[in-house]
Amino acid sequence: MVVLAGVSIAGALGSGVLLTRRRRRRAPRTRIPQDVQVHFTELETKWRQTATMKPIVESVGDTLRAAPDAIATLQSRLDDAIVDDKHLLSETMRASLIDTLAAQLEARTHDEPDAYLSLLDADAVHRWITPKEWRIWDSIPFMLKRYFHKTVPDDEIDLRETFSLFWKRFMPASHAPLRVLEGSRFTRMGLGAWGARIYTHLDRSDSLPTALTPDSPEWNYWMRTQRTTNADIFRVPKRRLGEAIAAHGGAVRAEVFMLIEPASGKMLVWYPHWFWDVQLQAWACESMQLRGLNYVFVPF
């Protein structure tokens, strides 16, 4: 199971975190304790004051056409964010990590799913989840029923088609401010020590420990958000972290903390865990979480 903590967006919706007051086809209202709302208002203010936010892909003028060196700029920013104090990354591993994250971020800036689907088609590291796995998480059937009023038998769900359906619905910005999940497309990322950090560490267990020292300034900044949800999982590594550790006695992991502003305008921390698969010579995503007040559709 990819997610080891928290709940997915659909899980949160299903558990009653988001409720509708009337039996009408309308956006769910969030029922969030006042103290949590106050905490996140203060936290978002701190994020905006502390971190520099820049477009993930720089454009040319007022058009949305990507600048010629947009990807190179994004890669440079990711390189600056890596904290590899113990020199665990070879040149190949570092370059691969930067390319992997840059591709993930750039593809998430589009309203249409084509760029991300191209990544999936070229991905030899992950596989689509099975019916047994999506029954455990219940996110895909639940979202099909809640948002698209479709009840589809497990053996008839086309994951690629469903992925595209969800993407087209939830990624573009909505003109209705109360629409939950819509406007999930990534637009801007944080820069600097308090905008983006990628910590490397060597793990000999698959318990997903954080590289941060508890109660350190970094831990307090990135981890104490009180509200964590999991990405909506469509794919998992072909070889899991536990298998990689068992085969090699340990695994180099990259823990990403990055401030993201989606099209909805509400900031969040994008928090994926990646590990280096020695056999495949590639980075695999073992977990992806979001920290923030507002629900955002972040598929993987």
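The values are calculated or read from the model by the stated rules, or taken from the named source; none is laboratory data. Nothing here was measured: the structure is a model prediction, and the numbers come from that model. No Cβ is skipped: glycine too gets one built from the backbone with ideal geometry, and neighbour counts run over all protein chains shown.
Of the residues making up the range 229-265, those that are in a strand (DSSP E or B) and either farther than 14 Å from THR200 by Cα or among the aromatic types (Phe, Trp, Tyr) (or both) are THR229, ASN230, ASP232, ARG235, VAL236, PRO237, PHE257, MET258, LEU259, ILE260, GLU261, PRO262.
The sole residue among LEU165, LEU212 that is modelled with pLDDT under 90, outside any strand (DSSP E or B), buried (at least 16 other Cβ atoms within 10 Å of the Cβ) and out of contact with any Lys or Arg (no Cβ under 8 Å at 6 or more places or on another chain) is LEU212.
Screening VAL256, VAL278, VAL252 for residues that are under 17 Å from GLN104 (Cβ atoms) and among the β-branched types (Val, Ile, Thr) leaves exactly one candidate, VAL256.
Whether a residue is touching a residue at least 60 places away in the same chain (Cβ under 8 Å) and not basic (Lys, Arg) was assessed, and VAL125 passes this test.
Checking each residue in the range 266-292 for being within 15 Å of ILE56 (Cβ to Cβ) and assigned to a loop (DSSP other than H, G, I, E, B) picks out only MET267.
Identify all residues within the range 75-92 that are within 18 Å of ALA251 (Cβ to Cβ) and either of a type in the set (A, V, I, L, M, F, W, C) or crowded, with 19+ Cβ neighbours inside 10 Å (or both); write none if there are none. Passing the criteria: ILE82, VAL83, LEU88, LEU89. The single residue among LEU268, LEU259 that is hydrophobic (A, V, I, L, M, F, W, C) and modelled with pLDDT of 90 or more turns out to be LEU259.
Of the residues ALA95, ALA72, the single one that is surrounded by fewer than 16 Cβ atoms within 10 Å (Cβ to Cβ), modelled with pLDDT of 95 or more and of a type in the set (A, V, I, L, M) is ALA95.
Remark: ARG253 falls outside the filter, which requires a residue to be surrounded by 21 or more Cβ atoms within 10 Å (Cβ to Cβ) and closer than 19 Å to ARG224 by Cα.
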